[in-house]
Amino acid sequence: MTVRTVLMIFTVAMILVSGGLFMRRLATLIRVMKGARPAQRTDRLGARVQSVVEHVLLHRRMFRITYSGLLHYLIFSGFVVLLIDIVETVGEIFFPGFTVGRVLAPLVDIWVLLVALGILMALYNRLVIRPARFHGSDEKDAYLILGLIAAIIVGIVIHDSFFPFVAREVLHVADPVARSHFLGWALSRVWLRLGWTGPTAASIGYAVGYVMDMGVVLAFLAYLPYSKHFHIFAAVPNIFLRNLGPKGALLAQPPEDTMAIRTFNDFTWKDLLDLYTCTECGRCQAVCPAHAAGQPLSPKMVILKLRDALNEQLAAKTVGNADTPPIAGQVISQDELWACTTCGACQEACPVFIEHVPKIVGLRAALLEDGDIEANAQKVLVAWDRQGNSFGQPARKRPAWAKGLDVPIKDARKEPVDWLWFVGDFAALDPRVQRLSQLIARLLHQAGVDFGILYEGEVNAGNEALRIGEYGLFETLAQKNIQALNQAQYQRIFTTDPHSLNALKNEYQKLGFHREVRHYTEAFLELIETGRLTVRPLSMRATYHDPCYLGRWNGIVEAPRRLLERLGVELVEMPRHGVQSFCCGAGGGRIWMEETNITDRPANQRIREAMTLPDVHYFVVACPKDVSMFSASVTAMGVENALRVVDMAELLAVAVGLETAEDAALISS
Amino acid sequence: MKIAVLMKDVPDLVEDLEVEDGALPLDEMSFVPSEWDDQALEEALLIKEEDGADVTAVAVDTGDVDTMLYTALAKGVDRAVKIVGDFSRSLTNRQRAQLLARYCQNERFDLILTGVQAIDDLDGQIAGLVAGLMGIGHASVVRDVHVAQDRVRFVQEYSGGKMAEFDLACPALLGIQAARKPPRYVTIAKVRQVQKSAEIDEVEDSVGETPVVTVRRLYKPESGGHAEMWGDDVETVANHIVAILEEKKLLRG
Ligand code: SF4
Ligand code: SF4
């Protein structure tokens with residue numbers, strides 16, 4: 001038997017075995033995905049293709065960490081060039097005389113060098129730089145995979161180096177590309193010197209290289225679906241099938257029965273695909289405020305624990321059984337689930353577009369159905385149900401902030417208004433924020449805007465109720481608001497609260513409310529740009545904190561910045577800004593929960609981040625919850641003199657000349 | 001074990017209560033389940049989970065008690081019973097106790113739990129009255145209730161943290177101070193679903209003759225020789241408190 005016959009048998013056998021194993025695993029995964037809840041993810045083909053180009057071919061999110069992006073790009077590009085090598089290697093054995101030509105052949109060698117560089121960079125990353133985000137990942141798997149890739153590229157050079165001799169001595173064909181494989185050619189000079197060029201020596205040498213290359217490639221095929229490197233196959237479809245609907249909508253459709261996730265059948269099929277796509281890169285963990293605060297939550301570990309639990313159930317054939325250990329509370333602990341602020345930083349960071357938040361909230365809903373919820377948050381749920389606000393204040397008190405104000409505020413339920421203002425719980429009821437609401441009213445009045453509010457007709461928008469996992473309560477609150485909104489006559493609607501904005505804009509659609517809703521920074525920018533409000537520039541330096549529900553979930557990052565510019569504020573950005581802003585820690589119901597396990601409050605971390613900026617003494621916010629979170633931090637940290645938290649409304653008030661003595665300090669400083 | 005939980009709703013104290021013509025405008029007020037009854041309900045559900053029991057939630061229909069009973073069903077009681085008749089919100093404790101005792105007597109419960117008190121029953125009369133009318137064992141201000149065969153065991157706590165454990169033969173009635181765990185949350189969806197699928201049993205009855213205490217007048221404390229009244233204004237009261245703390249050197253500037 002010649003080396004050709006041996007390798008042909010080897011190749012066919014490997015393809016059958018590996019391909020079989022691969023297909024079997026794939027069939028299992030497809031079966032479990034078919035048993036899961038539906039999700040519509042095949043609309044808008046153009047946008048989907050575009051996102052694949054951006055995030056696969058161009059690695060846009062990957063390059064947010066330049067070093068890792070580059071090393072991954074080197075290795076990733078290798079997989080594309082690997083195809084040339086596979087075609088060539090299989091071709092030259094099965095169809096003697098086959099070549100890929102002098103143009104493609106040297107590409108393989110160039111690629112070998114690039115991948116080798118990528119592997120070295122990856123080793124340096126894992127052994128020397130050791131980013132904390134890898135903590136908890138399966139590092140052994142990572143090394144194994146790097147080793148296998150190294151074996152492939154070494155194998156390629158080895159078989160290329162022996163091929164000229166095999167071609168001449170065994171296959172009796174020409175090897176026109178021998179010199180094009182410049183690495184193999186160089187190595188073949190060594191064999192010449194050693195005299196390993198005869199039929200036997202060359203055959204053995206070639207076979208070793210072939211097995212290291214093709215053997216490992218095919219073994220890879222069998223191993224991949226069981227390893228994190230399944231992302232090599234899953235990443236492209238996962239990015240293609242990403243959520244293109246309104247980002248801020250937690251659920252695209254009202255849940256059929258319940259949104260609670262109890263078994264793996266209660267996830268959507270896309271959620272399950274997410275689990276197998278995770279690369280364990282830990283980028284999500286690195287940006288998670290709960291993780292940074294010392295809480296037990298890591299979005300990466302949520303995905304990995306879910307994947308491992310699903311794998312166990314797949315092996316035991318118990319997927320969907322109600323008597324498997326509960327996912328919520330056991331696979332993922334209660335503490336992990338309640339720690340999430342639903343800030344979305346994890347989803348924004350994930351290079352393969354895994355969606356953590358809907359999974360976490362679905363699991364919260366399961367806890368809630370069993371009556372398990374943190375005591376303070378429970379009080380708030382009850383208060384929303386009874387009084388319609390988180391403060392447990394009588395509904396009648398909601399518009400109390402508007403009483404005794406020198407500007408009239410219309411009741412939009414009773415008379416038509418141009419602008420309807422959805423105030424939100426904090427702006428209406430938190431004494432620290434009420435003052436800002438009064439400023440907004442006076443500013444609107446100054447601009448001559450015909451505006452009104454819903455008075456007692458407004459209740460909490462339900463954004464947080466939904467994110468705590470209480471869909472029924474969200475729906476009740478939303479329906480009350482929608483009823484009041486339908487009664488009112490107005491041209492446009494805006495809100496001072498990003499959380500309300502998110503609910504009105506993204507979550508109410510599924511209940512039939514489809515109006516364009518704006519944030520007050522957008523509204524006031526328009527008033528200034530159209531000349532309805534004249535401002536005297538402030539000339540001050542400040543930094544700006546993007547609220548998660550404004551920036552990340554709704555992409556409103558430009559308007560506040562342009563507004564600051566109009567107000568004459570020189571903006572100094574914090575390292576984390578825009579859609580990559582860092583959460584204050586209040587979202588997802590966290591603001592009401594006990595701060596157990598928290599070693600370093602996210603809001604304090606954020607204030608420290610701002611304090612690293614040179615000559616910045618103002619921290620501008622545009623969310624009522626931020627006013628209370630960051631003011632508390634600044635006070636607790638005792639840095640009131642170094643950094644002052646100001647709301648956009650205060651800057652506006654000073655700039656248009658509504659300033660009070662206290663606010664006037666803003667310009668003089 | 002057959003357990004009954006006696007429940008009622010009380011004015012929601014979140015709303016400011018206004019006295020009109022010497023009485024509360026009961027028809028205009030909003031009502032919520034009495035928090036101590038919620039504790040009794042939770043304790044009953046915990047006993048059920050621990051040892052198995054058949055739990056009935058009972059309320060006198062003095063207005064809208066349906067939501068409260070459906071919520072109890074959603075939380076896991078086996079049955080909800082509403083005693084219906086011509087009852088007004090101003091039903092006295094004596095009358096309420098009579099109705100509850102009559103119903104419970106017929107049903108032969110082994111154990112009856114209710115809140116130790118309510119904001120409109122600060123002396124905690126209901127528990128004692130019902131037990132007295134039924135002629136069964138009774139203890140109040142208790143917690144940590146466990147059942148074993150035909151007996152019930154529970155704890156009473158006294159000032160200074162002293163505790164006493166008791167044992168009582170069934171049938172018995174206990175006024176619950178607090179459940180072992182905070183009352184569970186029940187989702188709106190679950191209550192709605194129960195409203196569609198479950199029914200509240202109705203039992204008819206009417207109030208009998210009972211002695212009635214009438215309110216002559218309601219009034220605020222009158223300032224006597226030793227008291228200084230600060231009034232209702234938050235600012236003024238706060239200033240007074242600050243002044244006193246400063247005077248006693250309890251405040252550091
Ligand atoms: S949403 Fe925010 S808090 Fe929740 S897991 Fe993701 S990064 Fe962490
Ligand atoms: S979920 Fe995404 S960001 Fe997080 S570890 Fe997995 S691939 Fe990386």
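The values are calculated or read from the model by the stated rules, or taken from the named source; none is laboratory data. What you are looking at is a predicted structure, and each value in this text was computed from that prediction instead of being measured. Backbone-built Cβ (ideal geometry, glycine too); neighbour counts: all protein chains shown. Accessible surface areas use protein heavy atoms only, side chains included; no ligands, DNA or RNA. Shrake-Rupley method; radii C 1.70, N 1.55, O 1.52, S 1.80 Å.
General remarks:
- One residue stands out in region A:42-86 among those that are open to solvent by 30 Å² or more (accessible area, probe 1.4 Å) and basic (Lys, Arg): the one that is nearest to residue A:99 (Cα to Cα), namely A:60.
- Residue within region A:225-242 that is in the same structural domain as residue A:38 (by TED's automatic domain parsing), over 15 Å from the mean Cα position of the chain (by Cα), away from ligand 2 (no atom under 16 Å from the Cβ) and part of a helix (DSSP H, G or I) present: yes
- Residues of region A:340-375 satisfying the condition of being among the aliphatic types (A, V, I, L, M), open to solvent by less than 10 Å² (accessible area, probe 1.4 Å) and closer than 25 Å to residue B:190 by Cβ: A:357, A:360, A:361, A:363, A:365, A:366, A:367, A:368
- Top-ranked residue in region A:282-304 [being in a loop (DSSP other than H, G, I, E, B) and open to solvent by less than 10 Å² (accessible area, probe 1.4 Å); ranked as nearest to ligand 1 (Cβ to nearest atom)]: A:297
- When region A:269-281 is limited to residues that are open to solvent by less than 10 Å² (accessible area, probe 1.4 Å) and within 21 Å of residue A:365 (Cα to Cα), the one that is nearest to ligand 1 (Cβ to nearest atom) turns out to be A:274.
- Taken over region B:66-84, the criterion of being surrounded by 15 or more Cβ atoms within 10 Å (Cβ to Cβ), touching a residue at least 40 places away in the same chain (Cβ under 8 Å) and over 14 Å from residue B:199 (Cβ atoms) is satisfied by B:68, B:71, B:75, B:83.
- Options A:610, A:603, A:653: the member that is touching a Gly at 6+ places or on another chain (Cβ under 9 Å) and assigned to a helix (DSSP H, G or I): A:603
- Residue count for region A:1-38, restricted to those that are in a loop (DSSP other than H, G, I, E, B) and open to solvent by 30 Å² or more (accessible area, probe 1.4 Å): 4.
- Count of region A:309-328 residues which are part of a loop (DSSP other than H, G, I, E, B) and surrounded by 17 or more Cβ atoms within 10 Å (Cβ to Cβ): 3
- Flag for residue A:303 being more than 14 Å from chain B (Cβ to nearest Cβ) and away from ligand 2 (no atom under 16 Å from the Cβ): no
Each row is one residue, and each column tells you yes or no for (1) within 14 Å of another protein chain (Cβ to nearest Cβ); (2) more than 27 Å from the chain's Cα centre (by Cα); (3) without any contact (Cβ under 8 Å) to a residue 12 or more places away in the chain.
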position: A:455; (1), (2), (3): no, yes, no
position: A:472; (1), (2), (3): yes, no, yes
position: A:484; (1), (2), (3): no, yes, no
position: A:488; (1), (2), (3): no, yes, no
position: A:503; (1), (2), (3): no, no, no
position: A:532; (1), (2), (3): no, yes, no
position: A:535; (1), (2), (3): no, yes, no
position: A:548; (1), (2), (3): no, no, no
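- Qualifying residue in region A:268-278 (condition: under 30 Å from residue A:601 (Cβ atoms) and within 9 Å of ligand 2 (Cβ to nearest atom)): yes
- Unique residue being farther than 25 Å from residue B:45 by Cβ, free of Cβ contacts under 8 Å to residues at least 60 places away in the same chain and out of contact with any helix residue (DSSP H, G or I) (no Cβ under 8 Å at 6 or more places or on another chain) when the list is B:160, B:128: B:160
- Of all the criteria given as (1) at negative phi; (2) out of contact with any His (no Cβ under 8 Å at 6 or more places or on another chain), the one not satisfied by residue A:172 is (1).
- Checked against the criteria, residue A:217 counts as under 50 Å from the mean Cα position of the chain (by Cα), open to solvent by 20 Å² or more (accessible area, probe 1.4 Å) and either modelled with pLDDT under 95 or more than 16 Å from ligand 1 (Cβ to nearest atom) (or both).
- Lone unmet requirement of (1) within 26 Å of residue B:133 (Cα to Cα); (2) in a loop (DSSP other than H, G, I, E, B); (3) not aromatic (Phe, Trp, Tyr) for residue B:17: (1)
- Residue within region A:260-268 that is within 16 Å of ligand 1 (Cβ to nearest atom) and part of a helix (DSSP H, G or I) present: no
- Any chance residue A:289 is more than 16 Å from ligand 2 (Cβ to nearest atom) and touching a residue at least 40 places away in the same chain (Cβ under 8 Å): no
- Residue check for residue B:212: away from every other protein chain (no Cβ under 14 Å), under 25 Å from residue B:18 (Cα atoms), touching a residue at least 12 places away in the same chain (Cβ under 8 Å) and not acidic (Asp, Glu): yes
- All told, residue A:395 falls short of being more than 16 Å from ligand 1 (Cβ to nearest atom), outside the structural domain of residue A:39 (by TED's automatic domain parsing) and out of contact with any helix residue (DSSP H, G or I) (no Cβ under 7 Å at 6 or more places or on another chain).
- Residues in region A:326-353 that are within 22 Å of residue A:554 (Cα to Cα) and near ligand 1 (Cβ under 10 Å from one of its atoms): A:340, A:341, A:342, A:343, A:344, A:345, A:346, A:347, A:348, A:349, A:350.
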